[in-house]
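Structure record follows, encoded as structure tokens.
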Amino acid sequence: MDKKEILNRMKMFSERTIDNGCSEAEAMLAAQKLSELQAKYNVSLTELDVQEMDFEINYFEAGKRKHPVVCSLNGIRDFCQVEILMHSYTRRNDNTSGNISFFGAPHNVQNALYMVNLIKATMEQEFAQFKTQWEYQDLRMRHHPQSIRSNFLNAMGYRIGDRLKRMAKDENQQVKEQSSTGTDLVVLAGQKRDLEHRKMFPRIGTARGRHSGSGSAASAGAAAGDRASLSRGVGSGSSGGTLRLS
């Protein structure tokens, strides 16, 4: 009996309940059979949830030149367990409300959208504060304002992205230490998400990264990325608690 057949049988037994019209004896027998399958084949109903996962896609408007928040996208991808794709700005249609798409389980997609908007706002706030400092005024004497802005925001975005990647790695390690089955489920869910995403976008390519910048503006941006307080908010957990930045 392969795993798919086992999971289908488990689903059948799990649905034989008194609420679904079964007698008490039938429900107890189904529960016993379900327990026997779980013990014999070392599988759980949570695996069935993975097999039947629903996915959605949503979009974020990063602008034609793409806001430097894109530098944090790799971290958001790992932290929220979503697939992220940048689209050509000139090829958008009525079904595309932005040029960056987030694909995954609905609650993870919503979390990713929340995070990217929050990080973008935080980056702009930090740069506005940086512009009031003497260091910015000193840089203005030698560099173009747009260059200063790019170096600061790119470095801040990359630093936040790196921190999110480390947080995701630490959480996965905790799951692995607590339960090998939990780790398997994370991997299984990721594989299913990747498969469905590639069905939707079969010609996925590799995007070019931005330069993180150098000099004092980049150093200030990286420091701002370190200052951002990253923590789980409401709904804490590896399945998609929201991020809190302060």
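What follows is calculated from the coordinates using simple rules that are stated; it is not laboratory data. Treat the numbers as computed from the prediction; the structure is a model and nothing was measured. Using ideal geometry, Cβ is built from the backbone for each residue, glycine included, and neighbour counts are taken over all protein chains shown.
Tabulated results
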item: Cα-projected label distance for residue 194 with residue 147, points at 7 Å along beta-carbon direction, nm; result: 4.1
item: Of 11/40; 66/199; 11/192, pairs whose Cα-Cα distance is over 23 Å; result: 66/199
item: DSSP-assigned coil residues among trypsin sites (Lys or Arg not before Pro) in the range 95-175, each with at most 16 further Cβ atoms within 10 Å; result: 131, 142
